[in-house]
Ligand SMILES: Cc1cc2nc3c(=O)[nH]c(=O)nc-3n(C[C@H](O)[C@H](O)[C@H](O)COP(=O)(O)OP(=O)(O)OC[C@H]3O[C@@H](n4cnc5c(N)ncnc54)[C@H](O)[C@@H]3O)c2cc1C
């Protein structure tokens with residue numbers, strides 16, 4: 001073994017990005033030490049895709065992500081071509097299948113992905129140090145753990161300590177402060193791919209699932225998604241809300257509008273004709289067949305109208321107001337939900353603060369990857385895909401300078 005092979009690289013974080021980079025480096029003959037703060041690696045992986053692990057997507061383009069540097073993101077994503085993805089997972093003995101564009105292990109078990117990773121790390125001789133919380137990195141690339149142990153110096157350090165979503169209540173439990181110290185800046189972080197709490201109580205409609213078009217208006221712009229809305233007491237949830245939550249940077253100055261009748265192409269004209277046709281019905285009965293019953297009661301309550309009131313008694317202006325409410329009910333975000341219920345931490349280290357190979361400019365030798373970066377993907381396998389793409393991108397660059 002030559003001198004170069006004896007030099008160790010440290011990987012901080014045993015999640016998707018850390019594990020994949022450890023594998024890629026070790027496969028190229030680099031000695032790797034992997035530090036993980038928990039008692040075992042890959043705990044978050046087990047939670048992904050409802051335990052099925054949506055590993056990637058058939059169309060993982062940059063348009064599915066929010067970031068501060070789209071061109072840089074495209075370069076990183078281009079590293080992980082479909083062929084390289086196939087070869088990478090094939091080498092792990094992991095077969096993937098497609099479900100509605102998302103790529104999952106054929107076993108549909110996140111645990112089989114983690115097993116494939118663990119077995120490969122063992123075969124490659126990667127040293128894994130669990131219960132090892134990295135709290136400091138010095139200028140000579142030495143690592144200090146929160147229990148006082150020191151390691152290094154290392155040739156390179158890959159900081160892949162992830163985000164807070166799903167696991168950490170406290171910022172101090174993560175490596176955000178360390179990442180900020182290394183990179184010199186951090187974009188505001190907040191929980192996303194999660195339900196949005198709203199000020200309205202939504203008591204009567206709790207438990208309702210319905211097709212809806214949801215529009216989020218923020219100071220930055222207006223964003224819409226259509227799909228199955230889930231209403232819980234005091235919160236809007238479901239995939240379309242998850243997707244929109246990535247834009248909810250400023251909860252104070254944002255508003256949500258819900259069209260509960262997105263399938264009505266003719267809009268108000270249909271509702272007016274329906275009101276004429278069913279003028280003898282009560283307001284609650286009027287909505288039967290187009291709105292969930294609990295939802296109709298909720299909306300009537302919000303409009304201050306008794307469900308038993310006959311349609312014929314309602315003055316036209318009030319009827320129009322009620323239609324408006326059904327087509328564009330306004331909700332006010334009530335702050336952020338908890339990281340524990342979120343799938344993603346939005347924000348993080350801006351790509352623009354790093355060099356092209358994701359190296360910290362003020363701390364040469366330290367590279368940042370995965371969810372710690374300000375790259376926020378949609379639901380659908382995009383975030384695990386990015387974790388792998390960023391690992392592959394950094395490892396390619398490190399290995400090309402090695403040779
Ligand atoms: C419930 C849930 C479901 C999800 N489902 C999907 C899905 O199906 N598809 C998808 O693409 N994405 C999904 N995601 C998002 C995806 O899991 C993450 O974006 C991805 O795992 C990020 O990988 P990472 O390696 O960057 O970070 P992480 O997975 O967060 O890993 C970071 C690791 O670093 C460790 N660590 C943190 N700080 C330190 C420290 N100071 N010292 C040492 N170790 C440290 C952590 O314990 C952790 O093991 C889901 C997330 C959640 C929470």
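Relative to the first principal axis of the alpha-carbon coordinates of the chain, what is the inclination of helix 110-124, with its axis defined by its Cα atoms, in degrees from 0 to 90 and to the nearest 10?
10 degrees
Rounded, prolate or oblate: which fits region 59-154, taking a ≥ b ≥ c as square roots of the Cα gyration tensor eigenvalues, rounded meaning a/c under 1.5, else prolate when a/b beats b/c? Don't skip to the answer; put the middle values down first.
Numbers: a/c = 2.47, a/b = 1.40, b/c = 1.76.
The shape class here is oblate.
Can you tell me the length gained on complete extension of the stretch residue 27 to residue 109, counting 0.36 nm per residue apart and subtracting the Cα distance? Intermediate results must be reported in sequence, preceding the final value.
Details: separation 82, 0.36 × 82 = 29.52 nm, distance 2.51 nm.
Here the answer is 27.0 nm.
Peptides 319-325, 304-310: what's the order by average Cβ count within 10 Å, highest mean first? Don't skip to the answer; put the middle values down first.
Working: 319-325: 16.9, 304-310: 13.9.
Order by mean packing, descending: 319-325, 304-310.
Could you work out the relative contact order of region 196-331, using alpha carbon pairs under 8 angstrom and six or more residues apart, expressed as a whole percent?
Working: 225 pairs, mean separation 36.4, N = 136.
About 27 percent, as a whole number.
Name the shape class, rounded, prolate or oblate, that the alpha-carbon gyration tensor gives for region 196-331, where a ≥ b ≥ c are the square roots of its eigenvalues, rounded holds for a/c under 1.5, and otherwise prolate holds if a/b is larger than b/c and oblate otherwise. Working shown, then result.
Values: a/c = 2.07, a/b = 1.83, b/c = 1.13.
It comes out prolate by the Cα gyration axes.
Expected output is a single nm value to one decimal: the length gained when fully extending between residue 269 and residue 362, i.e. 0.36 nm times separation in residues minus the C-alpha distance. What is it? Could the numbers behind the result be given before it?
On the way: separation 93, 0.36 × 93 = 33.48 nm, distance 6.25 nm.
Here the answer is 27.2 nm.
Using a Gaussian network model of the chain with C-alpha springs under 10 Å, which one of 33, 44, 293 is most mobile by mean-square fluctuation?
Looking only at 33, 44, 293, the largest GNM fluctuation is found for 293.
Taking Cα atoms, how many degrees apart are the long axis of helix 293-303 and the longest axis of the chain, rounded to 10 and kept between 0 and 90?
That helix lies at roughly 70 degrees to the long axis.
Between the alpha-carbon centers of region 209-245 and region 48-84, tell me the distance in whole angstrom.
First find each Cα centre; the distance between them is then 23 Å.
Can you order the peptides 245-256, 93-104, 138-149 by their average number of other Cβ atoms within 10 Å per residue, highest first? Display every interim value, and only then the final one.
Working: 245-256: 17.3, 93-104: 14.9, 138-149: 13.4.
Top of the packing list down: 245-256, 93-104, 138-149.
Given the DSSP H assignment, sum -39500 (n - 2.57) over each helix run of at least 4 residues in the chain and divide by its residue total; what's the result at 222 nm in deg cm²/dmol, nearest 500? Present the calculation step by step, with values, prior to reporting the outcome.
Numbers: 12 runs with 124 residues, N = 403.
After summing the helix terms and dividing by residue count, I get -9000 deg cm²/dmol.
Taking only C-alpha pairs under 8 Å that are 6+ residues apart, what is the relative contact order of the chain in percent?
24 percent
According to a simple spin-label model (label point 7 Å from Cα along Cα-to-Cβ), what is the distance in nm between residue 40 and residue 201?
4.5 nm
If you count, for each residue, the other Cβ atoms within 10 Å and average over each peptide, how do 201-209, 362-370 line up from highest to lowest? Please list the in-between numbers first.
On the way: 201-209: 16.7, 362-370: 22.9.
With the highest mean Cβ count within 10 Å placed first, the list reads 362-370, 201-209.
Give me the number: length gained by fully extending residue 301 to residue 86, i.e. 0.36 nm times residue separation minus the C-alpha to C-alpha distance, one decimal in nm.
On the way: separation 215, 0.36 × 215 = 77.40 nm, distance 5.39 nm.
Additional length available on full extension: 72.0 nm.
Where a number appears in this text, it was derived from the coordinates with a stated rule and is not lab data. All of these numbers come straight from a predicted model, not from anything done at the bench. For neighbour counting, all protein chains shown are included, and Cβ atoms are generated from backbone atoms with ideal geometry for every residue, glycine included.
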